[in-house]
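Participant: To start, I am sharing the structure in question, which I have written as structure tokens.
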Amino acid sequence: MAGNSQRRNRRTSNKKGATVGSGGQRRRGLEGKGPTPKAEDRKKHKKNRIATAKAKQAANRRPAPRRGGVKGTSEMVVGRNPVFEALRDGVPAITLYVQQYIDNDERVRDVLKLAGERGNINLMEAPRLELDRMTNGLNHQGLVLQVPPYEYAHPTDLLEAAYDNHDQPLIVALDGVTDPRNLGAIVRSTSAFGGHGVVVPERRAAGMTAGAWKSSAGTAARTPVSRVTNLTRALEDYKKAGVTVVGLAADGEHTVESLEALGGPVVIVIGSEGKGLGRLVGETCDYRVRISMPGGAESLNAGVAAGIVLYEAARRRKG
């Protein structure tokens, strides 16, 4: 009997059927798994591999040229005559600070009149001690004008301004020009001869201060100035864009009047009056030109030299 019972148990255990506790698993197995994923979302599918490759290409793609440049720092013009001249010459301004109980002489009245005519300058009355603190103890004579930070252009913007106007780029770059008045005069000449902007380095060079604005005689409002970290690299980028780089040097191999390249897309590089072009900048130039001076002068002021070369470039473009 025992043997028969064991044979029946073995036969029972070999039967196919539900296992204890398997009901939930079988029900889940019968449930739907949702819509079939798109081909692009299925790993190992050809379309998935193509979509992944395109995403990697987009991630590695170089960004478009950056528009706009860095901003300078805010500046204070102090003193009755400097403030009057800044307002008269169109220097941008945010706020005019006037000392409390100031003597209302003719110059103060002129300043207040000019500021009122602008219509966009805030007038603030402040005690003398506050003006002393703002100007670090300078002789402000009761008048302080706050000039907003200058917004520099990006070097690419100067090229695009030329191409948008269907012109050949005409750009001036300054190497070691530290006098803001020279910068302002060069901006003025660039504007007068149809140039598209001026490039200056960040270090050891003049920036667009109130003095540069005054020297530009208002042309800084329509002629962009770009500030770059590395002037040599900026010139190399211009060369890659098809622009010829011409450096002005006393020992240049060519004369200004004989260089035909001035009639095409060109960056004219002006060095400081004393040291001229730096070594790396000079080596980057495609041509080095000199200005013929029958009178025998050794050098010219940077602003004057820039005006001469810009005139020759403008003359060739008209011809």
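The values are calculated or read from the model by the stated rules, or taken from the named source; none is laboratory data. Fair warning: this is a prediction, and the values are worked out from it, not measured in the lab. Note: ideal-geometry Cβ built from the backbone for every residue, glycine included; neighbour counts use all protein chains shown. In case anyone asks, the SASA skips ligands and DNA or RNA and just uses the protein heavy atoms, side chains included. Shrake-Rupley method; radii C 1.70, N 1.55, O 1.52, S 1.80 Å.
Participant: Exactly one condition in (1) under 30 Å from LEU300 (Cα atoms); (2) without any contact (Cβ under 8 Å) to a residue 12 or more places away in the chain; (3) not polar (S, T, N, Q) is false for TYR163; which is it?
Facilitator: Failing condition for TYR163: (1).
Participant: Which residues, taken from region 178-234, are of a type in the set (Ser, Thr, Tyr), farther than 22 Å from VAL78 by Cβ and open to solvent by 40 Å² or more (accessible area, probe 1.4 Å)?
Facilitator: THR229
One line per residue, one yes/no per condition, for (1) buried (at least 22 other Cβ atoms within 10 Å of the Cβ); (2) in contact with a Lys or Arg (Cβ under 7 Å, 6 or more places away or on another chain); (3) at pLDDT below 90; (4) not aromatic (Phe, Trp, Tyr):
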| site | (1), (2), (3), (4) |
| --- | --- |
| GLY247 | yes, yes, no, yes |
| GLY252 | no, yes, yes, yes |
| LEU262 | yes, yes, no, yes |
| ILE268 | yes, no, no, yes |
| ARG279 | no, no, no, yes |
| ALA297 | no, no, yes, yes |
| VAL309 | yes, no, no, yes |
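Participant: Which of the residues belonging to region 225-255 are without any contact (Cβ under 8 Å) to a residue 60 or more places away in the chain, in a helix (DSSP H, G or I) and under 14 Å from LEU280 (Cα atoms)?
Facilitator: Correct list: LEU231, THR232, ARG233, GLU236.
Participant: To continue, here is another question. Filter region 121-176 down to residues that are of a type in the set (Gly, Ala, Ser) and in a loop (DSSP other than H, G, I, E, B) and give me whichever is modelled with the highest pLDDT.
Facilitator: Only one residue tops the list, namely GLY142.
Participant: Is there any pair linking a residue in region 123-134 that is within 16 Å of MET76 (Cβ to Cβ) to one that is open to solvent by 50 Å² or more (accessible area, probe 1.4 Å) and assigned to a strand (DSSP E or B), with Cβ under 8 Å and at least six apart or on different chains, and which?
Facilitator: So the pair list comes out as MET134/MET76.
Participant: Would you check which residues across region 265-319 are free of Cβ contacts under 8 Å to residues at least 60 places away in the same chain, touching a strand residue (DSSP E or B) at 6+ places or on another chain (Cβ under 7 Å) and closer than 22 Å to ARG233 by Cβ and list them?
Facilitator: GLY282, THR284, CYS285, ASP286, TYR287, ARG288, listed by residue number.
Participant: For region 193-219, which positions are within 27 Å of PRO265 (Cβ to Cβ) and in contact with a Phe, Trp or Tyr (Cβ under 9 Å, 6 or more places away or on another chain)?
Facilitator: PHE193, VAL199, VAL200, GLY207, MET208, ALA212
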